[in-house]
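Heads up: the structure comes next, in structure tokens.
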């Protein structure tokens, strides 16, 4: 297995179908942790045709309470499945299609450069599903989303209940392993929750101009 998509979710029945559809043709499988959902999330997970691993937490703790444990569980599953690379993201995040189509080539180039973790630029939607906020640091941040499965899997360098920490485990934190790309980016729908799900569900395809010349088309 070359690449496995990793995700931990809670009550994501609105975004999860789009997440699976967005990545299905570009990954070899999905590893999913359901962190105590009470909606239809677990049912949607089990219906996914490329599901390689799933785990459900029956006890609903505080939101993100098991974030570190969930990531360790997912990475160990990836290791057991023989995955070489993993793609970590959230249900409400989407990637530029050019990145997904060139992901194999990027992995090969990373191997040549002796890089083990690839970062993409982050753009946060704002006010509508077709605009992003560029006047805040969010639009100028990078996020490591694609990295090799390490031999040693540990997040011991982070507080036990760390929230929204990097997907990278300790073995990947050496800057010498990092490749900060500036030509592939991620759309992070952090503000879509503020404008309501209806706008997303009714929008169909998202078309967003980046730097006046590049566009993104993806479904939510």
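Taking the criterion of being over 15 Å from residue 145 (Cβ atoms), assigned to a strand (DSSP E or B), touching a strand residue (DSSP E or B) at 6+ places or on another chain (Cβ under 9 Å) and in contact (Cβ under 8 Å) with a residue 24 or more places away in the chain, would at least one residue in the range 51-59 satisfy it? Talk me through it step by step, then tell me what you get.
Narrowing the range 51-59 to residues over 15 Å from residue 145 (Cβ atoms): 51-59.
Filter once more, keeping what is assigned to a strand (DSSP E or B): 51-56.
Then drop every residue that is not touching a strand residue (DSSP E or B) at 6+ places or on another chain (Cβ under 9 Å), which leaves 51-56.
This time we only want the ones that are in contact (Cβ under 8 Å) with a residue 24 or more places away in the chain, so: 52-53.
Checking the range 51-59: at least one residue is over 15 Å from residue 145 (Cβ atoms), assigned to a strand (DSSP E or B), touching a strand residue (DSSP E or B) at 6+ places or on another chain (Cβ under 9 Å) and in contact (Cβ under 8 Å) with a residue 24 or more places away in the chain.
Against the conditions (1) touching a residue at least 40 places away in the same chain (Cβ under 8 Å); (2) closer than 19 Å to residue 12 by Cα; (3) surrounded by 14 or more Cβ atoms within 10 Å (Cβ to Cβ), where does residue 96 fall short? Just the number, please.
Exception for residue 96: condition (2).
Can you tell me which residues in the range 27-50 are more than 24 Å from residue 164 (Cα to Cα) and touching a strand residue (DSSP E or B) at 6+ places or on another chain (Cβ under 8 Å)?
28, 46, 48, 50
Only one of these is touching a helix residue (DSSP H, G or I) at 6+ places or on another chain (Cβ under 6 Å) and at pLDDT 95 or above: 28, 80, 34. Name it. Break it down into steps so the answer makes sense when it comes.
Values: 28 fails: touching a helix residue (DSSP H, G or I) at 6+ places or on another chain (Cβ under 6 Å); 80 fails: touching a helix residue (DSSP H, G or I) at 6+ places or on another chain (Cβ under 6 Å).
Sole residue among the options that is touching a helix residue (DSSP H, G or I) at 6+ places or on another chain (Cβ under 6 Å) and at pLDDT 95 or above: 34.
Which ones in the range 2-25 are in contact with a strand residue (DSSP E or B) (Cβ under 8 Å, 6 or more places away or on another chain), surrounded by 17 or more Cβ atoms within 10 Å (Cβ to Cβ), touching a residue at least 40 places away in the same chain (Cβ under 8 Å) and under 28 Å from residue 150 (Cβ atoms)?
3, 4, 5, 6, 7, 8, 9, 10, 16, 19, 22, 23
Going by the conditions given, is residue 45 more than 25 Å from residue 156 (Cα to Cα) and crowded, with 20+ Cβ neighbours inside 10 Å? Spell out how you get there, then give the answer.
On the way: more than 25 Å from residue 156 (Cα to Cα): yes; crowded, with 20+ Cβ neighbours inside 10 Å: yes.
Taking the combined requirement at face value, the residue satisfies it.
Quick one: in the range 163-186, which of the residues that are modelled with pLDDT under 70 and loosely packed, with under 14 Cβ neighbours inside 10 Å is nearest to the chain's Cα centre (by Cα)?
Let us first name the residues in the range 163-186 that are modelled with pLDDT under 70, namely 163, 182-186.
Still in the running and loosely packed, with under 14 Cβ neighbours inside 10 Å: 163, 182-183.
Working: 163: 15, 182: 18, 183: 18 Å.
Filtering the range 163-186 for residues that are modelled with pLDDT under 70 and loosely packed, with under 14 Cβ neighbours inside 10 Å, the one nearest to the chain's Cα centre (by Cα) comes out as 163.
Of the residues 128, 142, which is at pLDDT below 85 and over 22 Å from residue 27 (Cβ atoms)? Spell out the reasoning first.
On the way: 142 fails: over 22 Å from residue 27 (Cβ atoms).
The unique qualifying residue is 128.
The values are calculated or read from the model by the stated rules, or taken from the named source; none is laboratory data. None of these values were measured; they are calculated from a predicted model. In this analysis, Cβ positions are derived from the backbone assuming ideal geometry, glycine residues included, and neighbour counts consider all displayed protein chains.
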